[in-house]
Amino acid sequence: MSESDYVIDEMIPSADIAARIKELSGEIASEFSGTSKLFVVGLLRGSFIFIADLVRELDLPVEIDFLEASSYGDSMESSREVRILKDLRGQIEGRDVLLVEDIVDTGHTLNHVLNLLQSRSPAKLRTIALLDKPDRREVDICADWIGFKIPDEFVVGYGIDFAQRNRNLPHIGKVRFVKT
């Protein structure tokens with residue numbers, strides 16, 4: 001598939017993303033107001049831009065770590081088999097943890113990672129996802145905070161890729177395939 005096989009239509013402008021992150025950061029700061037330090041876990045690679053913007057808006061002391069899970073590879077469809085490619089460096093036992101996900105699609109990745117983190121006995125574990133596709137859900141799971149609910153469209157931008165392209169777009173865009 002070459003870059004000329006598809007176009008990207010803007011779905012969520014960068015200004016809307018920034019405004020929503022500001023709202024969400026206030027709710028998260030309120031939820032974790034008594035914490036000595038919030039352990040923020042970003043799911044790589046798609047969440048890296050979202051996590052950077054989110055933690056800059058949080059009025060809390062934070063520690064950041066990353067976990068990399070894969071269920072897509074370069075495909076547009078989830079394999080439903082979640083593999084942990086990079087684990088946390090820090091310990092979360094007894095700590096307040098916020099898991100940051102780019103998009104909740106089938107729910108398999110979020111479910112797998114939540115079970116993994118829960119097994120490590122955090123004091124409190126909450127989740128936030130920039131995007132939620134409830135129509136694609138196969139696992140009964142939902143993030144505690146959601147930036148935007150979207151229809152069942154293949155999206156890119158703001159950290160989310162298609163075959164490692166388009167992560168650098170400042171907005172969320174819908175991929176539309178064209179015949180060449």
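Odds and ends about this structure:
- For residue 107, the test of being buried (at least 19 other Cβ atoms within 10 Å of the Cβ), of a type outside the set (S, T, N, Q), closer than 29 Å to residue 11 by Cα and at pLDDT below 95 is passed.
- For residue 126: the one exception among (1) within 27 Å of residue 162 (Cα to Cα); (2) touching a residue at least 60 places away in the same chain (Cβ under 8 Å): (1)
- For residue 135, the test of being charged (D, E, K, R), farther than 22 Å from residue 30 by Cα and in a loop (DSSP other than H, G, I, E, B) is failed.
- Scoring residue 84 on the criteria (1) surrounded by fewer than 18 Cβ atoms within 10 Å (Cβ to Cβ); (2) of a type in the set (Val, Ile, Thr); (3) in contact with a Leu (Cβ under 9 Å, 6 or more places away or on another chain); (4) modelled with pLDDT of 95 or more leaves a single failure, condition (4).
- Scope segment 37-51; condition surrounded by fewer than 20 Cβ atoms within 10 Å (Cβ to Cβ) and either free of Cβ contacts under 8 Å to residues at least 40 places away in the same chain or under 18 Å from residue 102 (Cα atoms) (or both); matching residues: 44, 45, 48
- Subset of segment 130-174 that is farther than 16 Å from residue 12 by Cβ and aliphatic (A, V, I, L, M) - its residue that is surrounded by the most Cβ atoms within 10 Å (Cβ to Cβ): 143
- Pair list, Cβ < 6 Å and 6+ apart or interchain, from segment 150-165 residues that are within 13 Å of residue 177 (Cβ to Cβ) to residues that are of a type in the set (Lys, Arg): 153/174
- Just one of the numbered conditions (1) among the charged types (D, E, K, R); (2) touching a Lys or Arg at 6+ places or on another chain (Cβ under 8 Å); (3) crowded, with 19+ Cβ neighbours inside 10 Å is not true of residue 101: (2).
- Residues located in segment 138-159, provided they are in a strand (DSSP E or B) and either of a type outside the set (A, V, I, L, M) or touching a helix residue (DSSP H, G or I) at 6+ places or on another chain (Cβ under 9 Å) (or both): 145, 146, 147, 148, 149, 157
- Top-ranked residue in segment 167-179 [being part of a loop (DSSP other than H, G, I, E, B) and farther than 20 Å from residue 100 by Cβ; ranked as farthest from the chain's Cα centre (by Cα)]: 179
- Scope segment 110-125; condition over 12 Å from residue 143 (Cβ atoms), touching a Ser or Thr at 6+ places or on another chain (Cβ under 9 Å) and at pLDDT 95 or above; matching residues: 123, 124
- Considering residues of segment 119-150 that are within 25 Å of residue 92 (Cα to Cα) and among the acidic types (Asp, Glu) only, the residue farthest from the chain's Cα centre (by Cα): 140
The values are calculated or read from the model by the stated rules, or taken from the named source; none is laboratory data. These figures come from a predicted structure and were not determined experimentally. In this analysis, Cβ positions are derived from the backbone assuming ideal geometry, glycine residues included, and neighbour counts consider all displayed protein chains.
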